[in-house]
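Since the structure comes first, as C-alpha cells, the remarks are kept for the end.
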Amino acid sequence: MQKELVKIVEDYRNDLLETYGEKLISCYLYGSAVTSAYVPGVSDLNFLIVLRVVNINDLKVYSKIFRKWQRKKVSPPIIVTPEYIYNSLDVFPLEFSEIKENHLLVYGEDIIKKVEIPPENLRLQVESELKGKLLKFRQGMIFLSNDTSEYREFFLRIVGTFVPVFRGVLRLFGEKPPFEFVEIADRLSRLTGFDRKILNKAWEIKRGAPVSHDDIRNLLFDFHEEIEKLTGLVDGLKVK
C-alpha cells in the first residue's frame, strides 16, 4: 500500500475509534484502493464499518467527521452490524463478493473472513441486475434526441453501469474479476462470447476517439443485443 494511503487509513481508523469506542467491532478498506487499479487523489476510498449496534445516533455521530474525510476521497461508509452482514448474503451477494475478494482489515475482528456467498444467490442477483439495467437502458433510449454527443454520453454511461455486473458474471464462471475495464472485457468475451469489439470501441471513445452518429447509434443497438444474450445465458446458468 502506498505511503500516503497508509497514513490516511491509520488516521481514519483513529477517528473511528475516537467516535465509536468499544462499539466498533471492525473496519475494512475495500475496492480499488486495495488493488493495483488505485489512483491517488482520484480513486474513492470505500470503508465498511461494523458496529455492535447501529442506531440513528451512530449515523449522526459519523456526520461530524464526514466532511473532513470526504475531502480525502473517503466515500460515505457502509455501517452495519455482524448480524446484518450474515442475514444479507442472500440479497446482496454481489456487493459482499466484491468486499470479500478485495479488502484490507483496518481494525478489529475479521468478520468478512467468515462470509460464504451461496453461488445460486449470486447468480440470481446478477440476473436481476442485468434485467433491471436492461429495462433502464430501454427507457433511456426513449428520451434520446438525435444529437450525436447525447448518444455518445449515453452509450458511455450505460456501459459503465454494467461493469460491476460483468464482474459478477465472471465470478459465476469461477473467475476472480479484475478492476481494469480492458481485462474485464477480455475475460467476459472469452467466457461468454460477448462481442469484444463493442467494449473495445467503448474504451476508445472514453479515451477521446471520435465517432460518427451512425456508428454510435449502431453501437447502442449492438450493445443492447449483446446484453439480451448475456441475460439469457445467466438466466439458464447452472452454478454449484
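The values are calculated or read from the model by the stated rules, or taken from the named source; none is laboratory data. Remember, it's a predicted structure, so these values are computed and weren't measured experimentally. Every residue, glycine among them, receives a Cβ derived from its backbone with ideal geometry; neighbour counts consider all protein chains shown.
For residue 190, the criteria (1) farther than 30 Å from residue 34 by Cα; (2) without any contact (Cβ under 8 Å) to a residue 12 or more places away in the chain hold in every case but one, which is (1).
Specify the residue that is surrounded by the most Cβ atoms within 10 Å (Cβ to Cβ); the eligible residues are those in the stretch 183-207 that are β-branched (Val, Ile, Thr) and over 16 Å from the mean Cα position of the chain (by Cα). It comes out as 198. Counting residues in the stretch 53-76 that are of a type outside the set (Ser, Thr, Tyr), closer than 24 Å to residue 227 by Cβ and exposed (fewer than 15 other Cβ atoms within 10 Å of the Cβ) gives zero.
Residues checked against (1) under 17 Å from residue 89 (Cβ atoms); (2) of a type in the set (D, E, K, R); (3) assigned to a helix (DSSP H, G or I):
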| site | (1), (2), (3) |
| --- | --- |
| 117 | yes, no, no |
| 121 | yes, no, yes |
| 141 | no, no, yes |
| 151 | no, no, yes |
| 158 | no, no, yes |
| 168 | yes, no, yes |
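Here 95, 18 are screened, and the one residue that is assigned to a helix (DSSP H, G or I) and closer than 25 Å to residue 169 by Cβ is 95. A Cβ distance below 9 Å, combined with a sequence gap of six or more or placement on separate chains, defines the contacts here; from the stretch 64-79, residues that are at negative phi and outside any helix (DSSP H, G or I) reach residues that are of a type in the set (S, T, N, Q) and surrounded by 16 or more Cβ atoms within 10 Å (Cβ to Cβ) in the pairs 74/46; 75/46; 77/46; 78/46. Scanning the stretch 93-142 for residues that are touching a residue at least 12 places away in the same chain (Cβ under 8 Å) and of a type in the set (Ser, Thr, Tyr) yields 97, 107.
Which of the residues spanning the stretch 9-47 are at pLDDT 95 or above and closer than 27 Å to residue 163 by Cβ?
Result: 9, 12, 27, 28, 29, 30, 45, 46, 47.
Across the stretch 212-238, the qualifying residues are those that are over 16 Å from residue 185 (Cβ atoms) and touching an Asp or Glu at 6+ places or on another chain (Cβ under 8 Å), and the one among them that is surrounded by the most Cβ atoms within 10 Å (Cβ to Cβ) is 234.
Looking at this structure, is residue 183 closer than 17 Å to residue 101 by Cβ and of a type in the set (Asp, Glu)?
In short, yes.
For the stretch 29-44, a residue qualifies if it is farther than 17 Å from residue 107 by Cβ and not in a loop (DSSP other than H, G, I, E, B), and exactly one does: 32.
When the stretch 170-187 is filtered for residues that are assigned to a helix (DSSP H, G or I) and either outside the structural domain of residue 206 (by TED's automatic domain parsing) or without any contact (Cβ under 8 Å) to a residue 12 or more places away in the chain (or both), the ones remaining, listed by number, are 183, 186. Per the listing 131, 197, the residue uniquely of a type outside the set (Phe, Trp, Tyr), assigned by TED's automatic domain parsing to the domain that holds residue 221 and farther than 18 Å from residue 237 by Cβ is 197.
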